[in-house]
Amino acid sequence: MAVEFYTPCSESPLNNSDVIPAFVLTLAASLMLVARNVWRIGFGTKKHISIEAFYAVLCFGASAFIAIDLMYATRSFRSGNFEVYSNLAILILFSTITICALRACTLHGPAKKLRRNIHSWVLVLLAISMSGWTYHRVQYLSSCVEVLGIGGILPGVVEPEEGSWAMTDEGANIPLYHLATNDILFEEYSLTADQRYKSYLRVMIHREDADKTSNCHGWVFTGGQFLLKGADVERILCDNHYVIVSDPKPNDIVIYRDQARTILHTALVQAILADGTVITESKWGVDQRFLHLPADQPYSPVFEYHRTNRLNHLINILDSVAQNDFLDD
């Protein structure tokens, strides 16, 4: 996909979980730049045109990738003319820094000489900053995929919920999350659902429009109030005494896993037809809610039915006042 500066967030190729390997490579390149230039400042270096050219290309490619990514990553918090001006400011800043860094890549001589050259320190600081940013982005994209429950486009920033928390029946703390995004951009994202799920349009029934307040796990376990991580669903299943069953009934839940047994998706059994066909309902990330057969979803072909004796699937949610009361008791 071609990189365009002003595409909507929902179209951004760099706000997409599929590019995690590109960020990993950029992180590796940044760490190489850090190591190489710390070595140069510490021990000096001789002139070697091919090595200097290699690191110059490495520096330019990594910094350009990060500059474009920074524009996309912050777009949810900018709009109108401010977005254009801030993008230009990012380009000017990175162009200036990159020119200094490229100049530093061609420096050679004894360590004492390199330490006195400001370009050497600019390159070290740039490489450290690039390493920090790309590491953050790898962690963020991986976390978003886990919270939103599916790879692909990430329509905002997943953040911990500060004002509320949740507990299992056994008292284990369950973190809650929300999606920080621009409403206009989220609407643009929601309008592209048919493109993302075009291979499933004939095997699902639309129930509700896209809703950023919860993901699939949050729809089942928090009543649609928050986002939950799949890893925390594991604790809920254990502490709230769910058991795996082979004869699904309405109100059972369906847990989808990958080959490593990691939880990817949660659905709710809504009906069992006369011929035994199971009808499930689930929320696909922060996208729409659908009725579908258990196997007709984009998450995993591996799933199990779970049942509990509880009256419902809702975990205990406390706000900050209730949390203080709980701690006082």
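Which condition number in (1) in contact (Cβ under 8 Å) with a residue 40 or more places away in the chain; (2) not in a loop (DSSP other than H, G, I, E, B) is the one that Q225 fails?
Q225 satisfies every listed condition except (2).
Condition first: among the acidic types (D, E) and at pLDDT 85 or above. Now tell me which residues in segment 188-217 satisfy that.
E208, D209, D211
Name the single residue that is farthest from F186 (Cα to Cα) among those in segment 199-215 being outside any strand (DSSP E or B) and in contact with an Asp or Glu (Cβ under 8 Å, 6 or more places away or on another chain). Talk me through it step by step, then tell me what you get.
Keep residues of segment 199-215 that are outside any strand (DSSP E or B), which gives 199-203, 209-215.
Still in the list and also in contact with an Asp or Glu (Cβ under 8 Å, 6 or more places away or on another chain): 200-201, 203, 210.
Numbers: Y200: 22, L201: 21, V203: 25, A210: 9 Å.
Per the criteria, the residue is V203.
Please go through segment 30-50 and give me each residue that is in contact (Cβ under 8 Å) with a residue 60 or more places away in the chain and within 19 Å of P110 (Cβ to Cβ), ordered by number. Break it down stepwise before answering.
Here is the first cut: in segment 30-50, the residues in contact (Cβ under 8 Å) with a residue 60 or more places away in the chain are 30-31, 33-34, 37-38, 40-48.
Residues satisfying the conditions are N37, V38, R40, I41, G42, F43, G44, T45, K46, K47, H48.
Yes or no: D258 in the same structural domain as N215 (by TED's automatic domain parsing), surrounded by fewer than 18 Cβ atoms within 10 Å (Cβ to Cβ) and within 26 Å of the chain's Cα centre (by Cα)?
Working: in the same structural domain as N215 (by TED's automatic domain parsing): yes; surrounded by fewer than 18 Cβ atoms within 10 Å (Cβ to Cβ): yes; within 26 Å of the chain's Cα centre (by Cα): yes.
It is true that D258 is in the same structural domain as N215 (by TED's automatic domain parsing), surrounded by fewer than 18 Cβ atoms within 10 Å (Cβ to Cβ) and within 26 Å of the chain's Cα centre (by Cα).
I need the full set of residues from segment 179-221 which are among the small types (G, A, S) and surrounded by 16 or more Cβ atoms within 10 Å (Cβ to Cβ), in order please.
Pass one, segment 179-221, residues among the small types (G, A, S): 180, 190, 193, 199, 210, 214, 218.
Correct list: S190, A193, A210, S214, G218.
In segment 235-251, how many residues are among the charged types (D, E, K, R) and surrounded by 15 or more Cβ atoms within 10 Å (Cβ to Cβ)? Give the derivation first.
To start, the set of residues in segment 235-251 that are among the charged types (D, E, K, R) comprises 235, 239, 247, 249.
Among the residues that remain, those that are also surrounded by 15 or more Cβ atoms within 10 Å (Cβ to Cβ) are: 235, 239.
Going through segment 235-251 one residue at a time, the tally reaches 2.
Just for segment 123-143: of the residues that are buried (at least 18 other Cβ atoms within 10 Å of the Cβ) and among the β-branched types (V, I, T), which one is farthest from T106 (Cα to Cα)?
That would be T134.
Does segment 239-247 contain at least one residue that is in contact with a Phe, Trp or Tyr (Cβ under 9 Å, 6 or more places away or on another chain) and closer than 21 Å to Y197 by Cα?
no
Taking V254 and the conditions (1) within 23 Å of A231 (Cβ to Cβ); (2) out of contact with any Pro (no Cβ under 6 Å at 6 or more places or on another chain), which numbered condition does it fall short on, given that it satisfies the others?
So the condition that V254 fails would be (2).
Being closer than 19 Å to S282 by Cα, modelled with pLDDT under 90 and in a helix (DSSP H, G or I) is true for just one of V145, V220. Which residue is that? Don't jump to the end; show me each part of the working.
Details: V220 fails: modelled with pLDDT under 90.
Within the list V145, V220, the selection yields V145.
If A267 satisfies all but one of (1) surrounded by 14 or more Cβ atoms within 10 Å (Cβ to Cβ); (2) in contact (Cβ under 8 Å) with a residue 60 or more places away in the chain, what's the number of the condition it fails?
All conditions pass for A267, except number (2).
Output yes when any residue across segment 190-204 is among the aliphatic types (A, V, I, L, M) and farther than 22 Å from P294 by Cα, and no when none is.
Taking segment 190-204 and keeping what is among the aliphatic types (A, V, I, L, M), we get 191, 193, 201, 203-204.
Pick out the ones that are also farther than 22 Å from P294 by Cα and you get 191.
Yes, some residue in segment 190-204 is among the aliphatic types (A, V, I, L, M) and farther than 22 Å from P294 by Cα.
The values are calculated or read from the model by the stated rules, or taken from the named source; none is laboratory data. Every value quoted in this text rests on a predicted model; they were computed, and no experiment measured them. Note that we place each Cβ from the backbone using ideal geometry, even for glycine, and neighbour counts take in every protein chain shown.
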